[in-house]
1. Would a scan of the stretch 268-288 turn up a residue that is surrounded by fewer than 19 Cβ atoms within 10 Å (Cβ to Cβ), closer than 23 Å to E30 by Cα and modelled with pLDDT of 95 or more?
2. So if I check each of V184, V172, which one is open to solvent by less than 50 Å² (accessible area, probe 1.4 Å) and part of a helix (DSSP H, G or I)?
3. With a cut-off of at least 3 residues that are at pLDDT below 95 and open to solvent by less than 10 Å² (accessible area, probe 1.4 Å), name the strands (runs of 3 or more DSSP E) lying wholly within the stretch 77-144.
4. Do the conditions hold for F48, that is, is it in contact with a strand residue (DSSP E or B) (Cβ under 7 Å, 6 or more places away or on another chain), closer than 30 Å to C314 by Cβ and either surrounded by 20 or more Cβ atoms within 10 Å (Cβ to Cβ) or not hydroxyl-bearing (S, T, Y) (or both)?
5. In the stretch 64-73, how many are buried (at least 20 other Cβ atoms within 10 Å of the Cβ) and not β-branched (V, I, T)?
6. Does K189 count as charged (D, E, K, R) and either farther than 25 Å from S231 by Cβ or not in a loop (DSSP other than H, G, I, E, B) (or both)?
7. If you check V59 against the conditions, is it in contact with a Cys (Cβ under 7 Å, 6 or more places away or on another chain), β-branched (V, I, T) and outside any strand (DSSP E or B)?
Amino acid sequence: MDTLYELIQNRDAGEDNMTALVIAGTARGEKVFLSGREVIWKSGDCPFLTGHLAELTEVQGNGVIELDGQRVFCEYTGCRKELVVCGGGHVSVPIIQIGKMTGFYVTVLEDRPRFADCARKAGADQVICEPFADGMDKIEGSTDTYFVIVTRGHRYDSTCLREAVKKPHAYVGMMGSRKRVGIVRQQLKDEGTPGTLLESVHAPIGLDIGAETPEEIAVSVMAQIIQVKNSRRRNEAYVPEIRKYLTETPRQGLRSVLTVIVSRKGSAPRETGTKMLVREDGQTFGTIGGGCAESEVIKRALLMMREEKAAELCTVDMTGQEAEDAGMVCGGIIEVWMESVPIDKA
């Protein structure tokens, strides 16, 4: 039987997939995984959560809700966020760099070897150096895929846009003047591409901040993508290193604790749903923001393993004088749910 982690990883990204976990109350520890309105997995009988499915399916966004005196953490989960950059010219380089800085898996399509090398040097995770039509055939797309079309000419724009709008996606944007964008749109309409698909394209691309240099254009493009991404309610369930550890890596007899930020106030550095895994040998995967706050969570997770606790909810306050003296300068408060991970995959 698949573990919860494998089910989350393999579930259709087009569905509304959500985990609900009771973090405080008499039903503490109950956990279910919902896809649409169907319960796909549960930690046991879970009488409380299964008795409140109607309320759970109405939840909008991630965070803690209260149901009949119980605090429940709800988290919509999605796939890895992928940025597909069509074109490897001077504008794509800072887009690649900012994309990596903001946590995207970056794929670049570029048919010129010299420019493909520049994309690799900029930090792209994958570079497909082939004709654009062939490269687009290798991109499956998903509801967590963001297409950025910054090629060197109309015909390449048309090739990439024609295929991008047909694939599952969260965003499609194309760089160019209004005249150039209009030419490409009209060409695709004449070929039979539905107008409704083309109307959803962000073109000209990016937020209107008066950008002029390649770097400024990249900021405007990535700002628009982040705006679209954050308007949706799905986080990437687990960053790749945590996902790999939970679904592929033998436990080797080592205990571990999965930690997740379930609520935040003030200027805490990371968002609700951010995860970190702590092994009993001190190795960690992922981050919940670094610094003294993360150090405190690691310390508590190690203590939890020594005391053989199954789960714990801890609060890290970075607002008081004691926190300031310790170097916790963010000024926020985070609640972190910590739960033991089974040693065996089964």
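1. Within the stretch 268-288, none of the residues are surrounded by fewer than 19 Cβ atoms within 10 Å (Cβ to Cβ), closer than 23 Å to E30 by Cα and modelled with pLDDT of 95 or more.
2. On the way: V172 fails: part of a helix (DSSP H, G or I).
Exactly one of V184, V172 is open to solvent by less than 50 Å² (accessible area, probe 1.4 Å) and part of a helix (DSSP H, G or I), namely V184.
3. On the way: elements: 82-86, 105-109, 126-128.
By residue number, no strands (runs of 3 or more DSSP E) qualify.
4. On the way: in contact with a strand residue (DSSP E or B) (Cβ under 7 Å, 6 or more places away or on another chain): yes; closer than 30 Å to C314 by Cβ: yes; either surrounded by 20 or more Cβ atoms within 10 Å (Cβ to Cβ) or not hydroxyl-bearing (S, T, Y) (or both): yes.
It is true that F48 is in contact with a strand residue (DSSP E or B) (Cβ under 7 Å, 6 or more places away or on another chain), closer than 30 Å to C314 by Cβ and either surrounded by 20 or more Cβ atoms within 10 Å (Cβ to Cβ) or not hydroxyl-bearing (S, T, Y) (or both).
5. Residues meeting the conditions: 1.
6. On the way: charged (D, E, K, R): yes; either farther than 25 Å from S231 by Cβ or not in a loop (DSSP other than H, G, I, E, B) (or both): yes.
Yes.
7. Numbers: in contact with a Cys (Cβ under 7 Å, 6 or more places away or on another chain): yes; β-branched (V, I, T): yes; outside any strand (DSSP E or B): yes.
Criteria met by V59.
The values are calculated or read from the model by the stated rules, or taken from the named source; none is laboratory data. Keep in mind it's a predicted model, so treat the numbers as computed, not measured. Cβ: placed from backbone, ideal geometry, glycine included. Neighbour counts: every protein chain shown. Just so you know, the surface numbers come from the protein's heavy atoms only, side chains and all, with ligands and any DNA or RNA stripped out. Shrake-Rupley method; radii C 1.70, N 1.55, O 1.52, S 1.80 Å.
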